[in-house]
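These notes are about the structure you will find just below.
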Amino acid sequence: MRERDHQTQTTCWDHPKMTELYQSLADLNNVRFSAYRTAMKLRRLQKALCLDLLSMQTACEVFEQHTLKQNEQLLDISQLVACLTSLYQRLEQSHSHLVNVQLSVDMCLNWLLNVYDTGRTGKIRTLSFKTGIISLCKAHLEDKYRFLFRQVASATGFCDQRRLGLLLHDSIQIPRQLGEVASFGGSNIEPSVRSCFQFVRASVRTGRNRPGCRHKQWLILRGYM
């Protein structure tokens, strides 16, 4: 099934194991507090995709191996499968008893398309792919913030409103797909982008820190990603 769908670039299917996972995630809807509920869903998703075993260093090495440098470039199904296969083959080397490469590729591809290919085009942006993988990998939060910020920052360490908007849009799709977007202020990221730049301008006027650092501090304060 996986090979046929990959060759035809079809994106409108759910793997049986993914269907089971979504059903188990729905069982968590009775958790009262949204922050706990979202965290439990993310943890269950992370473990189901074996991304709790993935270090950020390994993820970055795979990104480099597949030359994923143009973050606005679109990746098709075959490119996504190639990247995911490399990623899970590395995990299998150290966790052979936990990682089934073919199943993990199927599951992670299925999830990425459900999150970032809602229009069923068979393609997602490189930035979206990186955001999804890094958000669920095994790493400290601040390290994830730094990595993701670098993806949208210029060579001098600055980020404009459009690029920040792309990052926040891709980040908010993860809780949206879990049915938890309301807990993060909804899908409209424009107020958050304006808030960030107001925060940075105020910091620059008072001379408290460099803009790049303030952007990352703002991400932490807002609880994104």
* Using a Förster distance of 25 Å, the FRET efficiency for Q73-Y36 (Cβ separation, nearest 0.05) -> 0.10
* Structure fact -> The lysines whose Cα lies under 20 Å from the Cα of K138, excluding any fewer than 8 residues away in the same chain, are K41, K47, K130, K216
* **J(HN,Hα) series, region 183-197, from Karplus relation 6.51 cos²θ - 1.76 cosθ + 1.60, nearest Hz, glycine and proline x** => 5, 10, x, x, 7, 7, 8, 4, x, 5, 4, 4, 4, 4, 6
* Taking θ as phi - 60°, what are the ³J(HN,Hα) couplings along region 81-96 by the Karplus curve (6.51, -1.76, 1.60), each to the nearest whole Hz, with x for Gly and Pro? -> 4, 4, 5, 5, 4, 4, 5, 6, 5, 5, 5, 5, 4, 9, 9, 4
* To do: Would you grab the residues whose amide H sits under 5 Å from the one on I124? Only those 5+ places off in sequence or on another chain, please, with H modelled 1.01 Å from N.
  => L75
* Structure fact -> The alpha-carbon center of region 74-122 and that of region 37-57 are separated, in whole Å, by 14 Å
* Estimated vicinal HN-Hα couplings, Hz - region 60-71 in sequence order (Karplus 6.51, -1.76, 1.60; Gly, Pro = x) -> 5, 5, 5, 4, 5, 4, 9, 6, 8, 10, 8, 6
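Charges only on Cβ, +1 for Lys and Arg, -1 for Asp and Glu: so what's the dipole of region 12-97 about the Cα centre, in debye to the nearest 20?
Its charge dipole is roughly 460 debye.
Bear in mind these aren't lab numbers, they're just calculated from the coordinates by the rules spelled out. These figures come from a predicted structure and were not determined experimentally. Cβ atoms come from the backbone with ideal geometry, glycine included; neighbour counts cover every protein chain shown.
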